[in-house]
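Report on one structure; see the data block that follows.
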Amino acid sequence: MTEKETGKLRRNKIGEDESGKNEIRQKKNSMGKASAIVALLMASMVSFARAEPISLQALVTPSTVVTKDGQPVKFAVHAFIEFNSLSELFPYIDAQTRRWKGTLTKEQQTQLAKELLRRGVESRVLSMEDERPLETLLTHTREELAEALARVKEPVPEGYSDAFLAVQEKWKHSLNCWSAAPSIPARVLSNWYPIEEGITLYGAKYDSTEHFWQAVKYHPEVSVADLNGLLSALEQRDWSPWLAWLDADATIYLPNAYAIEFLRQNLQHERLEWFRAELAKQNLSPSDRVRAVQQRGSESFRFTAYEEKVLWGDLADLFHLVYSFSPNDDPIRKTLAARHFDAIYLGDRKLPFIGEEFRGLMLEIWRVKYLEMPRFREVISSIPLEIHLSHFLNDGDSPDIPIPVYVDYLNQIRELARAKSGK
């Protein structure tokens, strides 16, 4: 995998943390469970001790490049457009607003600029690799933050201070639920959280809710050979004109920016070759059914949640999104539909990949995890209602389950769990 690939969201600290947890759990090496936990704690303490704190003034200064272990800690807009500092973000925002001049009204351009700025600031603060920016922001008062912002001498766009103040206010009252969160409840609420006993969903058992969510994107009859055939079809085409067509239309690009940037990244020849190479590493037969191999069989945790997202999930998303965004007369749609990437197939249901019905499956599977499994119901129902359950991953907003929808479901299921627990 190239450095560019490994630099994207969910391909750094998330993968390392998730793989590490599964490795400790799966490999019965000479270390006992207690000594393994001690080793992890000591490693975390050493890492924390080595990292220099970030001052509030440095955090709000646009030119600051946050570094860790001698390397810049990047952040992103739409998950794939990366920056080293907020000052690098400003020209991008300006270019995006000018890009749609004549298409958007002045008010719409202003709103777009403010939204991109807020997303960038939030991504800078809620780093996937480094907790220090968020720690700095949350351990200062609103007044101290306002004073630090007033002392900034570098040029900043309109709304810069408001963006920082809004991000601080949001995260003083929110819990970021993801697989590498420092809070145990936040980790448990991640779809990536491994379920030792497995979870039965729609007649099959899975290692986590993430395993189900990605596996269901494949029709039960789709095989490994089918995937390699589709990769060959994608490799034979120059996608530049197609991507340029998506880029040129504000009505397509603006509401689907993450999806289009995802396609730009994953339709690169090197990335398609990476998918093919990763499939070859899995020790699978060409005739193996892809959904079935992701289910729990004779062995548990055949794939980590990281592999589920980055290999199986991203590959399925690629096929579904190419189908969804291609014109009706594009031959690639017929090729993809022949392998059932025209929709999500679950029993006798056929659900559009981008749509409320498929997204609603998330709430359905959470009803099993959080309402029918007492240990998970206890975790989510124990989190006070004053704390908003949230989910922020490097400004990634997947089209299959957009973050606002995901967060709304998460807070809904907590209320249902609390009601069932009598709280």
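The values are calculated or read from the model by the stated rules, or taken from the named source; none is laboratory data. Predicted model, so just to flag it, every value in this text is computed and none were measured. When we count neighbours, we look across all protein chains shown, and the Cβ atoms used for this are built from the backbone with ideal geometry, even at glycine.
Quick check on this structure: which one of His269, His211 is touching a helix residue (DSSP H, G or I) at 6+ places or on another chain (Cβ under 7 Å) and either surrounded by 15 or more Cβ atoms within 10 Å (Cβ to Cβ) or small (Gly, Ala, Ser) (or both)?
Being touching a helix residue (DSSP H, G or I) at 6+ places or on another chain (Cβ under 7 Å) and either surrounded by 15 or more Cβ atoms within 10 Å (Cβ to Cβ) or small (Gly, Ala, Ser) (or both) holds for just one of His269, His211, which is His211.
Going through the range 367-412 one residue at a time, which ones are of a type in the set (A, V, I, L, M, F, W, C) and closer than 23 Å to Leu254 by Cα?
The answer is Phe392, Leu393, Ile401, Ile403, Val405, Val407.
Given the conditions (1) within 29 Å of Glu261 (Cβ to Cβ); (2) in contact with a Lys or Arg (Cβ under 9 Å, 6 or more places away or on another chain); (3) in a helix (DSSP H, G or I), which single one is not true for Lys420?
Of everything listed in (1) within 29 Å of Glu261 (Cβ to Cβ); (2) in contact with a Lys or Arg (Cβ under 9 Å, 6 or more places away or on another chain); (3) in a helix (DSSP H, G or I), Lys420 misses just condition (1).
Check Ala166, Ala225, Ala148 and return the single one that is assigned to a helix (DSSP H, G or I) and in contact with a Ser or Thr (Cβ under 7 Å, 6 or more places away or on another chain).
Checking each option against the conditions leaves just Ala225.
At least 1 residues that are under 26 Å from Lys205 (Cα atoms) in each: list the strands (runs of 3 or more DSSP E) lying fully within the range 316-408 that qualify.
Qualifying strands (runs of 3 or more DSSP E): 344-346, 349-351.
Pick out, from the range 50-128, the helices (runs of 4 or more DSSP H) lying fully within it that include 3 or more residues that are at pLDDT 95 or above and farther than 23 Å from Tyr258 by Cβ.
56-60
Quick check: anything in the range 286-304 farther than 21 Å from Pro194 by Cβ, modelled with pLDDT of 95 or more and among the hydrophobic types (A, V, I, L, M, F, W, C)?
No: zero hits.
Please find, among Glu131, Glu115, Glu143, Glu122, the residue that is loosely packed, with under 14 Cβ neighbours inside 10 Å and either assigned by TED's automatic domain parsing to the domain that holds Pro72 or in contact with a Lys or Arg (Cβ under 9 Å, 6 or more places away or on another chain) (or both).
Glu143
List pairs: first residue in the range 279-297 and farther than 17 Å from His340 by Cβ and assigned by TED's automatic domain parsing to the domain that holds Asp314, second residue among the small types (Gly, Ala, Ser) and buried (at least 18 other Cβ atoms within 10 Å of the Cβ) anywhere in the structure, Cβ distance under 6 angstrom, at least six positions apart or on different chains.
Gln295/Ala204
Which one is surrounded by the most Cβ atoms within 10 Å (Cβ to Cβ) among residues in the range 228-261 that are in a helix (DSSP H, G or I) and charged (D, E, K, R)?
By that ranking, first place goes to Glu261.
Please work out which one of (1) surrounded by 16 or more Cβ atoms within 10 Å (Cβ to Cβ); (2) assigned to a loop (DSSP other than H, G, I, E, B); (3) not assigned by TED's automatic domain parsing to the domain that holds Leu315 is the condition Pro155 fails and give its number.
(1)
Going by the conditions given, is Val167 outside the structural domain of Ile403 (by TED's automatic domain parsing), under 30 Å from Phe376 (Cα atoms) and surrounded by 13 or more Cβ atoms within 10 Å (Cβ to Cβ)?
yes
Kindly provide the set of residues from the range 111-142 that are without any contact (Cβ under 8 Å) to a residue 40 or more places away in the chain, under 17 Å from Asp162 (Cα atoms) and of a type outside the set (D, E, K, R), ordered by number.
Gln111, Leu116, Leu134, Leu138, Thr141
Between residues in the range 329-353 that are assigned by TED's automatic domain parsing to the domain that holds Pro402 and among the small types (Gly, Ala, Ser) and residues that are in a loop (DSSP other than H, G, I, E, B) and crowded, with 17+ Cβ neighbours inside 10 Å, which pairs lie under 8 Å by C-beta distance while being six or more apart or on different chains?
Short answer, once both residue conditions are applied: Ala343/Phe353.
Among the candidates Glu357, Glu386, which residue alone is in the same structural domain as Gln265 (by TED's automatic domain parsing), touching a residue at least 24 places away in the same chain (Cβ under 8 Å) and exposed (fewer than 14 other Cβ atoms within 10 Å of the Cβ)?
Of Glu357, Glu386, the one residue that is in the same structural domain as Gln265 (by TED's automatic domain parsing), touching a residue at least 24 places away in the same chain (Cβ under 8 Å) and exposed (fewer than 14 other Cβ atoms within 10 Å of the Cβ) is Glu386.
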